[in-house]
Amino acid sequence: MKPAITGTFLDEITHDIPSQNWRDRDWEADFATMQQVGIDTVILIRAGYKEQATFPSQVLQDKIGILPVYTDLVELFLTLAQRCGMTFYFGTYDSGHYWVNGDYQTETDINKAFCEEFINRYGHHSAFGGWYISHEINTYDEGMMQVYEDLSSHLKQLQDVPILISPYIKGIKQFGETAISLDQHITEWESVFARLQGIVDIVAFQDGNVAYRDLPAYLQANRELAAKYGLTAWSNVESFDRDMPLKFPPIDYRKLRYKIEQAELAQVDKLVTFEFSHFLSPNSAYPTARQLHQRYREWIQQR
């Protein structure tokens, strides 16, 4: 078996897909399944969003006022990652408010304290091996450059492990007539990477916002841009389908395979997915995810 996808996001707290309401044993089963298909990296997409959190954070309680946390998912994920030989990336807090309204400093300050709290509580876990800054951009944003610069410096001081971002492309599937061209995309990300050089270590562009026929050119451009500015290039292979009229079903196997093959042709360093447990797992609440898992597994066993 030659795995194609070797990393996945963990979508808790969920943002625009439904919760599967899993218990500890459900997560344990899914981590075991991930391990079987070659996943060695798990990325908590966000440790908190608005008033929800994945662990009982006193920082968020004091600064935001969060809902009760009934299961410490961070402790659970770190324990399962260690058991399965995986590296765990901790995703930061997204207020859903401050940064989107231009108050970048408050967003940064909350995250600094929140990530300090994470290290104090969980920094002893050997599975912890990376930070994920959960705030996504699609073009140059001066305010977010300041967040990335300030927060990344703080994170490196807390624990000097790789820092990952997963931006999205301002492409036709989400933005229609206001989408930007490939040339504009390159210009924007030249500016972004010039600022992030030496600050962020890994970039994993989401691959679902552009037409399939255009994807190879974007994958190639993204890898070349990352290399130019010293970043490691991953690809975030979306395993949900953006072409359907509902949000979001598991993707058609043919589309998933095509995106994987194109990313490999572009020679990106690693493929991760958003997101195994909902869209590519036999344990998913979506019945079609079980068939997608089987098709994917049959394919990688033949590679």
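Which peptide among 61-68, 33-40 comes first, and what is the full order, when sorted by highest mean count of other Cβ atoms within 10 Å?
So the peptides 61-68, 33-40, ranked by packing, come out 33-40, 61-68.
Between residue 19 and residue 255, what is the spin-label point distance in nm, taking each point 7 Å from the Cα along the Cα→C-beta axis?
Using points 7 Å along Cα→Cβ, the separation is 2.8 nm.
Here is the link list: 63/228; 170/270; 63/270; 2/112. Which ones come out longer than 32 Å on Cα distance?
The answer is 63/228; 63/270; 2/112.
Using helices alone, I'd like the mean residue ellipticity at 222 nm for the chain: each DSSP H run of four-plus residues gives -39500 (n - 2.57), total over residue count, nearest 500.
When only DSSP H runs of four or more count, the value is -13500 deg cm²/dmol.
Can you give me the long-range amide H partners of residue 207? Hydrogens built in the peptide plane at 1.01 Å from N, cutoff under 5 Å, separation of 5 or more residues or another chain.
Amide H neighbours of residue 207, under 5 Å, 5+ apart: 236, 238.
Sorted by mean Cβ packing within 10 Å, highest first, what order do the peptides 174-181, 85-92, 289-296 take?
Result, highest mean Cβ count within 10 Å first: 85-92, 289-296, 174-181.
Given axes a ≥ b ≥ c from the Cα gyration tensor, I'd like to know whether the stretch 64-103 is rounded (a/c under 1.5), prolate (a/b larger than b/c) or oblate.
The shape class here is oblate.
Rounded to the nearest 5, what % of DSSP beta bridges with both residues in the chain are antiparallel?
Counting DSSP beta bridges with both partners in the chain, the antiparallel share is about 10 percent.
Using R₀ = 41 Å, calculate the FRET efficiency as 1/(1 + (r/R₀)^6) where r is the Cβ-Cβ separation of residue 301 and residue 146; round to 0.05.
Efficiency, rounded to the nearest 0.05: 0.30.
How large is the charge dipole for the chain, taken about the Cα centre, if only the Cβ atoms of Lys, Arg (+1) and Asp, Glu (-1) carry charge, to the nearest 20 debye?
In total the dipole reaches around 1040 debye.
To the nearest 0.05, how large is the calculated FRET efficiency for residue 288 and residue 194 if R₀ is 41 Å and r is the Cβ-Cβ distance?
So, using R0 = 41 Å, E works out to roughly 0.45.
Please work out the C-alpha center-to-center distance from the stretch 1-72 to the stretch 220-247 and express it in whole Å.
About 21 Å separates the Cα centre of the stretch 1-72 from the one of the stretch 220-247.
I'd like to know which of 119, 250, 172 lies farthest towards the positive end of the charge dipole of the stretch 7-302, counting +1 on Cβ of Lys and Arg and -1 on Cβ of Asp and Glu.
Value computed over the given set: 250.
Only the coordinates and a few stated rules stand behind these numbers; no lab work does. It should be emphasised that the depicted structure is a prediction, and the values quoted were computed from it without experimental measurement. Virtual Cβ from ideal backbone geometry, glycine too; neighbours counted across all protein chains shown.
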